[in-house]
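First up is the structure itself, then whatever we jot down about it.
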Amino acid sequence: MGIERELDIEAYFSYLLQQYEKLVYSICYRTCGNPFDAQDLTQDTFLAVYKHLGTFDRQYERAWICRIASNKAIDYMKSKKRLEECKDEEFFTEVVDSGEGPEDAYIQKEAKELVLSVCNQLKSPYREVAYEHFYLEKPMTEIAAEQDANLKTVQTRVYRARAQIRKLLEERGGA
């Protein structure tokens with residue numbers, strides 16, 4: 001009878017692991033924001049689940065597991081060890097802001113709008129090639145393949161479109 005109970009517990013734990021692993025990981029990841037810490041917290045959660053498997057009501061398994069996961073993640077975020085790690089000067093010197101700020105995003109948006117405006121002023125077939133190359137930033141080989149055109153033809157059109165764009169920008173006073 002004892003072996004059957006152990007097999008039942010093992011099978012049930014395997015079921016819980018398969019059923020709730022992604023949910024537990026997502027709870028931990030949303031709380032801590034680090035995929036490696038979220039993996040560790042997921043393992044800690046299922047270790048706690050396994051230790052207390054015989055003492056809970058199976059009717060509330062999802063809520064029970066989610067509560068353990070959120071408590072583990074919250075405890076980790078409050079932990080002294082984590083707070084000490086964040087105070088380390090090397091941590092802050094290694095963090096690089098790779099995202100663009102609102103000013104950069106605005107300038108990028110304005111530049112894209114200007115490119116679109118100028119491309120739309122060109123005559124066909126230069127308008128289409130300029131839109132694809134300068135606005136959508138597609139390589140000439142891709143444009144040639146999409147338009148079923150010769151690469152040299154596309155290169156010539158891009159070259160001529162660039163000259164026309166330069167002329168339009170000079171007339172606007174933007175070059």
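Each peptide among 106-113, 159-166, 130-137 gets the average number of other Cβ atoms lying within 10 Å of its residues, and from highest to lowest they stand as 130-137, 159-166, 106-113. Shown is the FRET efficiency for residue 114 and residue 22, computed with R0 = 45 Å from the Cβ-Cβ distance and rounded to the nearest 0.05: 0.50. Applying the Karplus relation 6.51 cos²θ - 1.76 cosθ + 1.60 with θ = phi - 60° to the range 50-59 yields 3J(HN,Hα) values of 5, 4, 10, 4, x, 10, 10, 7, 5, 5 Hz, where x marks Gly and Pro.
Between residue 152 and residue 103, take the C-beta separation as r, use R0 = 45 Å, and let me know the FRET efficiency to the nearest 0.05. The formula returns an efficiency of 0.65 here. If you take the Cα centroid of the range 33-74 and the Cα centroid of the range 108-175, the two points sit 55 Å apart.
Residues of the range 104-145 with an amide N closer than 19 Å to a point placed 7 Å from the Cα of residue 167 along the Cα-to-Cβ direction: 115-131, 134. Largest first, the three principal axis extents of the alpha carbons in the range 1-70 are 44, 21, 17 Å in whole numbers.
Extent along the principal axes, Cα only, for the range 13-53: 28, 17, 12 Å, with the longest axis given first.
At an R0 of 25 angstrom, the distance between the Cβ atoms of residue 57 and residue 36 translates into a FRET efficiency of 0.15.
Residue pairs exceeding 31 angstrom between C-alpha atoms, taken from 112/152; 78/109; 51/78; 72/109; 109/167: 78/109; 72/109.
Just so you know, all these numbers are worked out from the coordinates, no wet-lab data involved. Just so it is clear, the structure is predicted and the values come from calculations on it, not from any experiment. With ideal geometry, Cβ positions are generated from the backbone for all residues, glycine too; neighbour counts draw on all protein chains shown.
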